[in-house]
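Read through the structure below, which is laid out as structure tokens, and then see the notes.
The values are calculated or read from the model by the stated rules, or taken from the named source; none is laboratory data. Bear in mind the structure is a predicted one, so any value in this text is a computation, not a measurement. We place every Cβ from the backbone using ideal geometry, glycine too, and count neighbours over all the protein chains shown. Accessible surface is based on the protein model in full, side chains and every heavy atom, while ligands, DNA and RNA are left aside. Shrake-Rupley method; radii C 1.70, N 1.55, O 1.52, S 1.80 Å.
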Amino acid sequence: MSFNNHLIFSLFCCIIFIKYFCLKYNINLLILILFSLFSSLLPDIDHINSFIGNKFKNISYFIYKIFGHRTITHSLIILYLLYILIFNIKFLFYNISISIKYGVFIGYLSHILADMLTIKGINFFWPFKIYFKFPYFNIKNRKLEYYICLFLLFLSIFLENIICILKILFKNIYLI
Ligand SMILES: [Zn+2]
């Protein structure tokens, strides 16, 4: 998936998190979104032509040569390690705000979910070769990928309003 689609999908995940999962946390939206956007680009460090791989060519080349593309950086192992690093090892990031922590984790997770929309899918249980992809979204076309990410973002922002409008419409139809 392309760089800009990952950014859009990461924004979509942030909005879902803010709306439905973060009731008990005092989250700074701007910080959460900024860190999520940045973090959503990190897994593709294993690809030298990706935005982040291009910035850190040596690291990117090293990871690609040892593991290959969409392997360890797109796996459950790295997600688990990231989770432990961010949330469980208290002394490491003791003073870091919860908005940054969640931003980084959501961004990274969003990248893996977004790659599941692509035709190749992701090797989530790497080193075992079991590929995961959403069954009805095996997208080859970059433009379509872009429109689906935009549509999801639109839905995440306006879903409640759309439901509300539909309810009013159906109520009126019923009354007629
Ligand atoms: Zn990727």
Practice task
Could you state the angle between the C-alpha long axis of helix 142-175 and the longest principal axis of the C-alpha atoms of the chain, as a value from 0 to 90 degrees rounded to the nearest 10?
Solution key: 20
Handout entry: Cross-link reach list, lysines versus Lys101, counting only Cα pairs under 24 Å and skipping chain neighbours closer than eight places
Key = Lys19, Lys24, Lys55, Lys90
Handout entry: the chain - mean residue ellipticity at 222 nm from DSSP helices (-39,500 (n - 2.57) per run, n ≥ 4, rounded to 500)
Key = -19500 deg cm²/dmol
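How high is the relative contact order of the chain, in percent, counting Cα pairs under 8 Å that sit 6 or more residues apart? Mind dumping the intermediate values first?
Working: 230 pairs, mean separation 50.5, N = 176.
29 percent.
So how do Glu160, Glu145 rank on accessible area, 1.4 Å probe, biggest first, that is with the largest at the start?
Details: Glu160 80, Glu145 10 Å².
Final ranking, largest accessible area leading: Glu160, Glu145.
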Exercise for the section: Quick one: dipole size for the range 43-176, taken about the Cα centre, charges +1 on Lys/Arg Cβ and -1 on Asp/Glu Cβ, in debye to the nearest 20. Expected result: 200
Problem - Dipole axis of the range 3-169 (+1 Lys, Arg; -1 Asp, Glu on Cβ), positive-most option in Ile78, Gly68, Val104 - result: Gly68
Completion exercise
Mean-square fluctuation maximum in Gaussian network of the chain, Cα pairs under 10 Å, restricted to Leu41, Leu30, Leu117, hits Leu30
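At most 11 other Cβ atoms within 10 Å plus a DSSP loop assignment makes a site exposed; report the longest stretch of the chain without any exposed trypsin sites (Lys or Arg not before Pro). Working shown, then result.
Values: sites that count: Lys24, Lys90, Lys129, Lys140.
That gives 25-89 as the longest site-free run.
How would Leu34, Leu42 rank on accessible area, largest to smallest, probe 1.4 Å? Could you put the intermediate results ahead of the total?
Values: Leu34 100, Leu42 50 Å².
Heavy-atom accessible area, descending, gives Leu34, Leu42.
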Exercise for the section: Quick one: among Ile84, Ile119, Ile52, which has the greatest mean-square fluctuation in a GNM of the chain with alpha-carbon springs under 10 angstrom? Expected result: Ile84
Handout entry: the chain: angle of helix 57-66 to the longest principal axis, Cα-based, in degrees nearest 10
Key = 80
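Please compute the per residue accessible area over the chain with all protein chains in place, 1.4 Å probe, rounded to a whole number of Å².
Working: 11280 Å² over 176 residues.
The answer is 64 Å² per residue.
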Completion exercise
Taking a ≥ b ≥ c as the square roots of the eigenvalues of the Cα gyration tensor, with a/c under 1.5 meaning rounded and otherwise prolate when a/b exceeds b/c and oblate if not, the range 91-158 is oblate
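From the square roots a ≥ b ≥ c of the eigenvalues of the alpha-carbon gyration tensor of the range 51-109, which class results: rounded (a/c under 1.5), prolate (a/b over b/c), or oblate?
Numbers: a/c = 2.32, a/b = 1.89, b/c = 1.23.
Prolate, because a/c is 1.5 or more and a/b exceeds b/c.
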Practice task
Classify the chain as rounded, prolate or oblate, taking a ≥ b ≥ c as the square roots of the eigenvalues of its Cα gyration tensor: rounded when a/c is under 1.5, otherwise prolate if a/b is larger than b/c and oblate if not.
Solution key: oblate
Practice task
Return the single residue from Ser110, Ser40, Ser97 with maximal mean-square fluctuation; model: Gaussian network over the chain, springs between Cα atoms under 10 Å.
Solution key: Ser97
